[in-house]
């Protein structure tokens with residue numbers, strides 16, 4: 001027998017003692033022999049009826065939460081995390097980081113009660129640095145800090161995905177239709193050769209091969225640091241990786257570029273020497289002096305860029321620099337995208353921002369006509 005229910009607008013007495021009717025519609029139904037009355041968090045009757053139908057469907061299917069327990073932001077977090085794990089996506093840490101802030105701000109309130117105005121309040125709080133971090137310690141800590149617009153947009157994108165999954169699974173009847181911020185903090189950093197060499201010379205020796213590899217390939221730092229020797233075919237001069245951020249396998253024939261070949265061969269010789277002295281296998285192509293994978297290089301990088309007089313430069317600028325250098329060398333855009341792992345043209349265009357020197361070179365060609 002299908003569970004039945006209804007929607008209603010409860011009456012209440014105002015401060016002046018007058019009897020008034022609530023603008024918000026409420027749900028009235030039974031679950032496990034108990035009567036459940038709760039707010040639908042909407043003033044529109046049709047939407048309240050959708051929430052009711054979703055609730056009744058969960059009750060009939062036996063998957064409804066106990067009376068009084070409604071999906072919270074933490075439940076949205078779980079939905080997104082499960083979806084990422086199910087689809088083999090590697091950005092789960094970003095999801096946890098984003099929801100760390102979202103859960104601290106929204107607490108245990110039902111997700112159905114979050115409106116566009118509430119999201120606007122969250123944005124204002126993040127911009128002002130009034131939201132402490134969540135479960136992450138260390139670099140991401142619990143200390144409240146001002147967030148960049150791009151950071152807030154990534155957090156809102158994860159929140160939006162949580163709402164969409166909840167609606168798709170019938171946990172919610174609707175989601176707030178909030179917009180993302182206009183990003184004004186796009187970085188335009190490039191490395192010229194002399195700047196690159198200046199920074200590299202200030203880095204510890206074990207980090208220099210990694211940074212040179214990033215400069216020439218435009219790979220993401222995590223992809224290079226995760227690279228293992230079984231993915232390197234030295235006889236063919238090829239590197240193959242299957243697990244990437246955009247889920248697209250990638251192959252790079254490093255052997256045809258002398259600079260890359262020198263990096264790989266030097267790392268192999270150094271790995272062999274360490275294996276003999278340490279008596280253990282060095283798995284990764286880029287490793288520390290103890291033969292372990294390179295993890296955190298933030299402190300060393302900060303010191304090096306300051307010592308080189310380039311305090312605002314990022315390791316990620318190597319990715320942008322590689323895109324520009326490939327185009328300067330006349331490599332077709334689709335080949336550049338394959339080499340560096342840019343999945344869409346819009347993303348590649350964002351990275352391959354044309355700099356003033358490249359504009360001047362092309363303008364000079366116009367003058368020769």
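Taken over segment 260-314, the convex hull of the Cα atoms encloses 103 Å³ per residue.
Geometric descriptor of segment 199-367, per residue, is 131 Å³ (volume of the convex hull of the Cα atoms).
In segment 208-266, the ratio of gyration radius to Kirkwood radius, Rg to Rh, stands at 0.92 when only Cα atoms are counted.
Of all alpha-carbon pairs in segment 73-168, indicate the percentage at a distance above 20 angstrom. The proportion of pairs with Cα distances above 20 Å equals 31 percent. Relative contact order of segment 73-168: 35 percent, from C-alpha pairs under 8 Å at least 6 residues apart in sequence.
In terms of overall dimensions, the C-alpha atoms belonging to segment 5-61 reach 45, 24, 13 Å along their principal axes, ordered largest to smallest.
Give me 289, 96 ranked fewest to most by other Cβ atoms within 10 Å of their Cβ, as a rough exposure proxy.
289, 96
Only helices enter the 222 nm calculation for the chain: every DSSP H run of n ≥ 4 contributes -39,500 (n - 2.57), and dividing by all residues gives -14500 deg cm²/dmol, rounded to 500. Which values of log₁₀ I(q)/I(0), to two decimal places, follow from the Debye formula for segment 178-299 at q = 0.09, 0.13, 0.19, 0.20 Å⁻¹ with a uniform point scatterer at every Cα? Rounded to two decimals, the profile gives -0.30, -0.59, -1.14, -1.24. The residues 347, 114, when put in order of fewest to most other Cβ atoms within 10 Å, stand as 347, 114. Angle, helix 149-168 long axis vs. longest principal axis of the chain, Cα atoms, 0 to 90°, nearest 10? The angle comes out near 50 degrees.
When the Cα convex hull of segment 270-357 is projected onto planes of every orientation, the mean area is 8.3 nm². Our summary gives the chain a relative contact order of 12 percent, counting only alpha carbon pairs under 8 angstrom and 6 or more residues apart. Ordered by the number of other Cβ atoms lying within 10 Å of each residue's own Cβ, fewest first, 77, 121, 295 fall into the sequence 295, 121, 77.
Rounded to a whole number, what is D in µm²/s for the chain from Stokes-Einstein with the Kirkwood radius over alpha-carbon pairs (25 °C, 0.890 mPa s)? Value of D from the Cα-based Kirkwood radius: 99 µm²/s.
Read-outs throughout are calculated quantities, based only on the coordinates presented, and are distinct from any laboratory measurement. This one's a predicted model, so the numbers in the text were calculated from it and none came from an experiment. Backbone-built Cβ (ideal geometry, glycine too); neighbour counts: all protein chains shown.
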